[in-house]
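The values are calculated or read from the model by the stated rules, or taken from the named source; none is laboratory data. Keep in mind it's a predicted model, so treat the numbers as computed, not measured. Heads up, the Cβs are rebuilt from the backbone with ideal geometry, glycines too, and the neighbour counts pull from every protein chain shown. Areas reflect the complete protein model, heavy atoms only, side chains present, ligands, DNA and RNA absent. Shrake-Rupley method; radii C 1.70, N 1.55, O 1.52, S 1.80 Å.
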Amino acid sequence: MGALLCVPIMVHDEAAALADAEAARDAGADLVEFRIDEVFSGSGDENETKLVLRLVAGSPLPCIVTCRSAAEGGGYDGDDMERVSVYERLGTAGRGGGPTLRAGSEPSTPRSIDAPGSENAARIVGVPGEHPPRYLDCELETYTRSANLKQKVNLAVASPDRPRESATSLILSIHDFQGRPADLTRRLLRARSEPVAAVIKLAYRARSVRDNLELFDLLAERDRPMIALGMGEFGLASRVLASKFGGFLTFASLRSAAVTAPGQPTVREILETYRFRSVRASTKVFGIVGWPVGHSLSPVVHNAGFDETGFDGVYVPWPVQADAASPDASYASFKATVLELVHHPRLDLAGLSVTIPHKENLVRLARESGWEMDAASEATGAGNTLVVERGAEVRARVANTDAPALAACLAAAVGGLEGRRIAVLGAGGVARAAAYGLSGAGAQVVILNRTRARAERLVADIARAGGGSAGDVRVGEMGELETVAFDAVVNGTPVGMESGPEPERSPIDAGMLAQIQPGAVFMDTVYRPLRTPFLRQAEEAGIRTIDGVGMFVSQAEAQFRMWTGLEPPPRLFENRTRAALMPEQ
Ligand code: NAP
């Protein structure tokens, strides 16, 4: 059975919270968590307690009720005894079980109740049809602060020695919003020593993607149902992959503005993009390493490919920080992360896409590790694909699918590359892939770059690696756009890219376009936005254009073939990419 999907709802208003719970059910969630710490002050106002009872009674899904303390990131800073009293009142509310969870998905605690009355139950007037929540969440620190508190919580929930006395079970939780708690092991052992805890929850801020791996190990070695999640952008994998490692549940927000913990995906993202319900123990793991990777479209296309072909895989972002000012430190962190991912015994990593700024780091790591590399990676000094084969031993190989992808897109547009004159703007990673791919197919490539020395290095590297044997690659001047009859001009700079250095500008002056020969093609490798200033300018001058989607799709399709041995469904990657890039209506 896979992990449950829970939508946390920060309660401010009763009707809005119930409407959100209905929306969560309609979106496909299994349960909701009512976070009551903004509406329950612990002042002794019975109306607050009644509001919570009505929420639970009216919930269309089984629910967790949590009054999170300020000390663990919540909004409650009142008296602990008051907080625990409302738990006791909730746990002993009414009779009957309320909405139930998917069969087999929960700890084996009873759903029906014979709730004993309690002082509070007698004092507070209940609401018609009231029933207890399925879970109450209490922090380990609160629960263990005093024997009295613990005893009161225990009265509200089912326990091994009184299993049928309550339909409510205890989630005992540990949070750290700063990072991995230094005393993590000690705290977990303390939680495990509490027999009444039906579920142990651990959530801490992941400082790097490597924190996910420890969370997976803890899940695999759990002694009872467990929630183990990394908060923040580095922890997304722990949320998506919970089912693979036997996690009890994962949280996803109803809408992106409603997250209760940083890094939480939306229900739609986790169900549709990440195919949460399809992840199981056997699922192979793929992903993208880069910095930043939050807006990458690779998870969208690869997960769609797995879905359509029935391949048992899932693709997640693995952000690995980089600092342009200290390339060695960036490499060290890339290397440590990738080697851990590749060699982690439980993860089943089967492949990675590698993007800016780590493509060169991938080649460096492959050389140090003795991994096989394709000729395009050797020649360009940059790789974008890692294929991991796990047999008696783990074997990894590196490829560059950017070079053939770019060449294939342009070849289709200009009717073959043999003898074509092509100007490439830029001398970075993409320009290297372009120079190698195009010259290898017989084109004559001219590199036009702001920094001439970098263009010269590119040409020397390609020549040294034996690339360009069929055509040739040389350094040129921008002015050549007005004197040479190019068949195509490729933008390999980030100029014109949304949130890039110069989003409004084209990398060439409009005046140069007058000299471009009829029939020439302008290709941009930038695909955000789809119509860049470079392409708009060309279209206005009557020049044929190709946007950056074709190259993106083609390099991703090649990766998919390498990883799965399957053909990606025709047009699927392109349709998904274009749909994701269309401005919202
Ligand atoms: P890179 O390695 O950082 O190289 C960028 C190049 O652009 C450098 O040669 C740089 O010149 C030049 N440049 C940067 N800012 C400039 C400016 N303001 N004016 C003139 N030249 C400028 O980057 P990359 O990895 O090659 O990526 C370049 C672009 O390709 C990205 O923006 C991305 O959108 C696109 N891309 C597309 C795909 C796809 O599949 N479609 C894949 C990868 C990348 P200097 O040498 O003078 O610094």
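Observations on the model:
- Of the strands (runs of 3 or more DSSP E) lying entirely inside segment 475-585, those carrying at least 2 residues that are open to solvent by 10 Å² or more (accessible area, probe 1.4 Å) are 544-546.
- Selection count, segment 349-373, where residues are surrounded by 18 or more Cβ atoms within 10 Å (Cβ to Cβ), more than 16 Å from the ligand (Cβ to nearest atom) and acidic (Asp, Glu): 0
- Evaluation of Ala396 against the conditions (1) within 13 Å of the ligand (Cβ to nearest atom); (2) in contact (Cβ under 8 Å) with a residue 40 or more places away in the chain; (3) among the hydrophobic types (A, V, I, L, M, F, W, C) shows that the sole unmet condition is (1).
- Residue count for segment 309-349, restricted to those that are among the hydroxyl-bearing types (Ser, Thr, Tyr) and more than 30 Å from Leu572 (Cβ to Cβ): 4.
- Within segment 137-171, the residues that satisfy the criterion of being out of contact with any Cys (no Cβ under 6 Å at 6 or more places or on another chain) and of a type in the set (A, V, I, L, M) are Leu140, Ala147, Leu149, Leu155, Ala156, Val157, Ala158, Ala167, Leu170, Ile171.
- Residue count for segment 410-458 satisfying the condition of being over 20 Å from Leu535 (Cα atoms), assigned to a helix (DSSP H, G or I) and near the ligand (Cβ under 10 Å from one of its atoms): 9.
- Residues that are of a type in the set (A, V, I, L, M) and open to solvent by less than 10 Å² (accessible area, probe 1.4 Å) were ranked within segment 280-296; the one that is nearest to Ser353 (Cα to Cα) is Ile288.
- For segment 1-60, filtering for residues that are in a strand (DSSP E or B) and among the aliphatic types (A, V, I, L, M) leaves 7.
- The helices (runs of 4 or more DSSP H) located wholly in segment 152-271 that include 3 or more residues which are open to solvent by 10 Å² or more (accessible area, probe 1.4 Å) occupy 184-192, 210-220.
Table: residues versus (1) modelled with pLDDT under 90; (2) within 24 Å of Val196 (Cβ to Cβ); (3) of a type in the set (S, T, N, Q); (4) surrounded by fewer than 20 Cβ atoms within 10 Å (Cβ to Cβ).
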{"residue": "Asp79", "(1), (2), (3), (4)": "no, yes, no, yes"}
{"residue": "Val84", "(1), (2), (3), (4)": "no, yes, no, no"}
{"residue": "Thr109", "(1), (2), (3), (4)": "yes, yes, yes, no"}
{"residue": "Ala122", "(1), (2), (3), (4)": "yes, yes, no, yes"}
{"residue": "Val125", "(1), (2), (3), (4)": "yes, no, no, yes"}
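- Selection status of Ala19, of a type in the set (A, V, I, L, M, F, W, C) and under 24 Å from the mean Cα position of the chain (by Cα): no
- Check on Phe573, more than 11 Å from the ligand (Cβ to nearest atom) and either in contact with a Lys or Arg (Cβ under 9 Å, 6 or more places away or on another chain) or modelled with pLDDT under 95 (or both): no
- Count - residues of segment 524-550 that are among the polar types (S, T, N, Q) and more than 13 Å from the ligand (Cβ to nearest atom): 2
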